[in-house]
Amino acid sequence: MHPIWTLLRCAFAAALMLFLAAWAAPALAQPRALILDPGERIALDGRLDESAWQRAPLHDRFVQYLPLDRQPPPAGYRTTVQVLAERDALVLGIRAFDPAPQQIRAPLTRRDQVKRDQDFVAVLIDAVGDRRAAQFVRVNAAGVLADGMYIAAGDSEDFAPDFDVDAAVQRLPDGYSVELRLPFIALRYPHEGGAPWRLMVARSVPRASSTLLLSAPLTKDGLSFIAELQVIEGLDAVAEQARAHSLLWFRPELTVRGTRERAAGRPPRRDEEVSLGAEFKWRPRADWVIDATLNPDFSQVELDAPQLAGNTRFALSVPEKRPFFLESTDVIDQPLAGFYSRSVTDPRYGLRATWRAPKADATALTLRDEGGGLVLRPGPFGTVVYAQDGRSQATLLRARRHEGEITGGVLLSDRDYGAERGRNTVAGVDLYWAPNAQDQLRARALGSRTSATFDAQGVAVAGPPERGRWIELRWNRRNNDWIVNLDLDDLSPRFRNDNGFVEQAGVRRIEAEVIRRWGEAQAFGFDAHEFETYVWTQQVATREDAAAGVAGNQMVTRRWHPGIWFAGPLNSEGWVQLELDAQRARPGGRLHGTRAVAAQFGFNPAPWMPRATAELNLGDMVDVEADRVGRGGDGFVEVILRGSIAGLGVESEQKLQHAQIAHGGRRVLTDSAARWLGVLHFSARDSLRAVWQASRYRRAADPALSIAQAREDLRTLSVVFQHRVGLGRNLSVGVTHSRIEPGRERKDEVFVKAAFAL
């Protein structure tokens with residue numbers, strides 16, 4: 001053979017081998033842990049200067065996920081990860097190089113407010129090893145933490161759970177470094193037979209393109225953000241030893257509260273209360289966690305945000321913030337209709353046990369609720385709300401079995417109000433199946449039996465048992481070009497779950513969405529990193545209920561929303577859609593057709609304004625109480641500001657919501673809500689927070705429809721100083737003032753709340 005051809009063949013073979021090696025290397029690269037000597041412990045200061053860091057293997061195979069996936073990191077933004085294993089914790093050292101360190105965004109914020117407008121690193125760890133769920137911790141460049149759970153089944157991120165972790169950050173001339181300690185007792189994993197622990201590290205770089213880098217080869221085609229978590233090599237022996245570690249954690253809590261209430265026509269009332277409560281956590285070994293709470297003070301330091309509710313007959317849910325309910329949220333894995341912990345209002349005591357095995361997990365809880373909340377009785381056209389004016393026992397049992405890509409679960413829920421007031425019991429099964437990398441299927445079936453009813457005066461009484469059921473089928477498909485979501489629900493007229501949140505029953509609901517993914521595109525005068533067109537539809541029709549006078553197959557809601565969605569520079573995101581809807585406000589009433597256009601846009605204008613978002617909906621709107629269509633609109637404006645004053649961190653968040661409907665040339669309904677939250681951070685542990693909230697509702701009289709004039713004004717101001725060290729130590733001192741008009745109702749409260757873990 002001619003020497004030239006031989007040389008070319010050799011060159012081609014060498015080039016091919018280099019290509020294959022470069023292609024295969026990222027897939028084979030795994031983080032590897034260094035096991036420290038007994039007694040060796042890292043001083044958490046963020047410096048990465050101990051000798052252990054010099055010995056630890058280094059992982060730096062990061063890839064770009066946002067704005068564009070399948071790309072290398074931008075030049076100069078190298079990121080490295082090292083993993084150390086102490087006797088009782090993992091310690092991660094992360095080095096974030098930055099060619100423009102003066103542009104690093106490192107504000108002092110509240111816990112769980114570390115967002116993509118900041119420079120941060122995030123650690124996602126799956127100690128079960130099956131990539132169904134992962135605990136995550138974010139640490140921004142100022143050392144502020146955010147943590148929670150990722151659930152693969154819905155690709156959902158929940159910031160409510162808090163873990164007892166610690167971190168330190170060091171700013172450097174060419175970036176920053178982070179040390180993060182994850183105690184084994186903060187992780188959840190089986191006692192024996194578990195899979196290797198898995199890890200992914202993310203890094204946010206919020207410049208003009210708002211880049212997100214990952215240590216695992218994840219692409220946007222994945223059904224979940226944790227689909228490519230990588231095995232932590234070299235950790236088997238330490239993980240095995242940690243499975244037998246025990247934990248006993250006790251935190252007493254003292255609350256001193258004084259209140260004064262005044263109202264027109266009633267004498268003033270004063271009340272002073274001193275209460276002692278406690279939280280208890282015991283982990284005898286890795287697979288069991290026992291939680292107990294006694295006389296907890298679950299009053300929220302930060303108020304629930306107001307919501308517009310003047311033009312709806314359906315109840316509105318609020319997020320959970322109370323730690324007792326946030327243990328192992330991935331095990332419960334239920335929508336609000338299956339379990340809604342905010343249905344428990346004022347527990348006197350509570351007990352919970354959670355268990356994990358390699359292919360199964362379960363949790364059980366029971367609480368004595370002193371009442372003071374609400375009981376929902378849903379129907380097809382609205383939710384009837386009754387006062388929960390007495391004690392009840394709330395119980396939940398949940399168990400799941402995992403076999404490959406299939407998970408099967410059972411649920412038993414019970415609310416016992418006592419022999420004279422009846423009870424509500426719900427039981428059911430669910431199935432989750434991911435047959436391939438593009439599809440997820442989920443099926444649920446719940447049945448209810450309810451003897452807790454209410455008489456004409458709204459008094460709780462026991463009555464003849466009523467039975468109902470809820471059946472749900474969901475299918476989600478995702479690939480490089482298309483996303484398809486389909487959800488079918490069938491709720492019988494008497495389905496109730498007093499430990500859940502069911503705002504509508506007696507209906508069949510079909511919801512579908514088809515999304516075409518176009519990738520990069522020109523949109524609205526700038527280059528969109530992602531551009532999608534979509535059609536979303538929802539059809540809700542009644543099931544026959546002769547006892548309530550509801551005929552079957554009446555259309556309650558019909559919605560068709562074609563639109564576009566895009567994401568681009570400055571962490572921008574927006575959508576525009578037509579709303580071709582129809583709604584029936586009452587049984588046998590007219591099906592009102594409406595036409596509207598809606599749009600939302602949010603972006604990060606500057607480091608001192610990390611988020612500005614506006615939404616507007618204009619067109620026809622159904623006036624539910626009047627059962628007619630008027631011209632109107634609704635929307636909101638939200639702006640978040642962050643900065644520093646004299647070395648102190650400052651946050652200011654403001655949101656204004658407004659809705660109005662006009663008919664016959666006059667405004668017949670106005671509903672507004674405003675909220676301002678300001679925080680002054682003295683340090684990462686000490687802050688002074690003020691929350692001001694206001695809502696205003698106006699309804700014009702219409703004698704022809706027997707509608708009386710109505711108005712309501714609510715105002716609340718809360719100021720709280722908080723000192724917080726991890727999850728164990730907390731001191732809060734605050735004052736709250738609220739007023740309601742009409743009626744000149746006033747309520748003032750002063751409180752001191754202290755907790756210290758033993």
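What the table shows:
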quantity: Members of region 591-635 that are within 23 Å of Ala662 (Cα to Cα) and out of contact with any strand residue (DSSP E or B) (no Cβ under 7 Å at 6 or more places or on another chain); calculated: Val624, Asp627
quantity: Test: residue in region 327-340 that is among the charged types (D, E, K, R), within 30 Å of Val750 (Cβ to Cβ) and out of contact with any Leu (no Cβ under 9 Å at 6 or more places or on another chain); calculated: no
quantity: Selection within region 87-98 - surrounded by fewer than 21 Cβ atoms within 10 Å (Cβ to Cβ) and closer than 15 Å to Arg171 by Cβ; calculated: Phe97
quantity: Among (1) assigned to a strand (DSSP E or B); (2) polar (S, T, N, Q); (3) farther than 30 Å from Arg342 by Cβ - the single one Gln539 does not satisfy; calculated: (3)
quantity: Matching entry among Gly506, Gly568, Gly552 (being surrounded by fewer than 15 Cβ atoms within 10 Å (Cβ to Cβ) and small (Gly, Ala, Ser)); calculated: Gly552
quantity: Checklist (1) hydrophobic (A, V, I, L, M, F, W, C); (2) within 23 Å of the chain's Cα centre (by Cα); (3) at pLDDT 95 or above applied to Val679, failing item; calculated: (3)
quantity: Tally of residues being more than 27 Å from Thr450 (Cβ to Cβ) and touching a Phe, Trp or Tyr at 6+ places or on another chain (Cβ under 6 Å) across region 488-546; calculated: 9
quantity: Meets criteria (in contact with a Ser or Thr (Cβ under 7 Å, 6 or more places away or on another chain), in contact (Cβ under 8 Å) with a residue 24 or more places away in the chain and surrounded by 19 or more Cβ atoms within 10 Å (Cβ to Cβ)) for Asp369; calculated: yes
quantity: Any hit, region 658-675, residues being assigned to a strand (DSSP E or B), touching a Lys or Arg at 6+ places or on another chain (Cβ under 8 Å), within 27 Å of Asp117 (Cβ to Cβ) and not aliphatic (A, V, I, L, M); calculated: yes
quantity: Residue among Phe603, Phe526 that is at pLDDT below 95, closer than 29 Å to Gly632 by Cα and not assigned by TED's automatic domain parsing to the domain that holds Arg467; calculated: Phe603
quantity: Residue in region 314-332 that is over 30 Å from Asp490 (Cα atoms), crowded, with 16+ Cβ neighbours inside 10 Å, among the acidic types (Asp, Glu) and modelled with pLDDT of 85 or more present; calculated: no
quantity: Matching residues in region 348-358 - criterion: being more than 17 Å from Leu187 (Cβ to Cβ), in contact (Cβ under 8 Å) with a residue 60 or more places away in the chain and among the basic types (Lys, Arg); calculated: Arg352
quantity: Residue among Ser683, Ser738 that is exposed (fewer than 15 other Cβ atoms within 10 Å of the Cβ), farther than 29 Å from Arg631 by Cβ and polar (S, T, N, Q); calculated: Ser683
quantity: Residue count, region 651-671 (criterion: over 22 Å from the mean Cα position of the chain (by Cα), surrounded by fewer than 18 Cβ atoms within 10 Å (Cβ to Cβ) and not aliphatic (A, V, I, L, M)); calculated: 5
quantity: Hey, Val650 in a strand (DSSP E or B), within 24 Å of Val556 (Cβ to Cβ) and not acidic (Asp, Glu) or not; calculated: no
quantity: Among the candidates Ala462, Ala456, residue that is surrounded by fewer than 16 Cβ atoms within 10 Å (Cβ to Cβ), among the aliphatic types (A, V, I, L, M), assigned by TED's automatic domain parsing to the domain that holds Tyr340 and touching a Ser or Thr at 6+ places or on another chain (Cβ under 8 Å); calculated: Ala462
quantity: Per-region count, region 428-442, residues farther than 26 Å from Arg342 by Cβ and not in a loop (DSSP other than H, G, I, E, B); calculated: 5
quantity: Asp498, sole failed condition from (1) buried (at least 18 other Cβ atoms within 10 Å of the Cβ); (2) in contact (Cβ under 8 Å) with a residue 24 or more places away in the chain; (3) not in a loop (DSSP other than H, G, I, E, B); calculated: (3)
quantity: Residue check for Glu745: over 21 Å from Asp627 (Cα atoms) and surrounded by fewer than 16 Cβ atoms within 10 Å (Cβ to Cβ); calculated: yes
quantity: Residue that is nearest to the chain's Cα centre (by Cα), among those in region 333-348 that are surrounded by fewer than 17 Cβ atoms within 10 Å (Cβ to Cβ) and farther than 30 Å from Val556 by Cα; calculated: Thr345
quantity: Any chance Ser215 is buried (at least 20 other Cβ atoms within 10 Å of the Cβ), of a type in the set (S, T, N, Q), touching a residue at least 60 places away in the same chain (Cβ under 8 Å) and under 18 Å from Ala33 (Cβ atoms); calculated: yes
quantity: Strands (runs of 3 or more DSSP E) contained in region 1-91 and holding at least 3 residues under 31 Å from the mean Cα position of the chain (by Cα) and either in the same structural domain as Arg203 (by TED's automatic domain parsing) or at pLDDT below 90 (or both); calculated: 63-66, 79-85
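The values are calculated or read from the model by the stated rules, or taken from the named source; none is laboratory data. These numbers were taken from a predicted model, which means no experiment stands behind them. Don't worry about glycine lacking a Cβ; one is built from the backbone with ideal geometry, like all the others, and counts go over all protein chains shown.
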